[in-house]
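A short reminder: the numbers here are calculations on the coordinates, not readings from a lab. Note that the coordinates shown come from a computational prediction; the quantities given were computed from them, not determined experimentally. Cβ coordinates were reconstructed from backbone atoms using ideal geometry, including for glycine residues, and neighbour counts include every protein chain displayed.
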Amino acid sequence: MSIRAEPEKEFKVLIVLEPGTDTRQEKFLDCNVLMDNILSATLTGEQIAGMLKTDAVLSIETDGEMSIS
């Protein structure tokens with residue numbers, strides 16, 4: 001993932017939040033809640049960089065497709 005090199009490119013990501021974080025905050029409204037503190041979203045590199053500055057965000061990882069062999 002090259003968010004700094006391509007700030008306008010969109011990335012499918014998983015966002016892990018500090019337990020107990022209110023996911024109804026404005027910055028998380030475009031995200032899908034998968035579990036209490038795990039969200040999925042399609043964000044631009046610029047949005048990801050901004051979200052990483054949020055204290056409640058523990059990590060942001062690339063969301064990949066999984067299959068059963």
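Look at the alpha carbon pairs under 8 Å that are at least 6 residues apart: their mean separation over the length of the chain gives a relative contact order of 44 percent. Its residue count N fixes a reference of 2.2 N^0.38 Å for the chain, and the Cα radius of gyration divided by that reference is 1.11. Computed from the Cβ-Cβ distance with R0 of 22 Å, the FRET efficiency linking residue 24 to residue 46 stands at 0.45.
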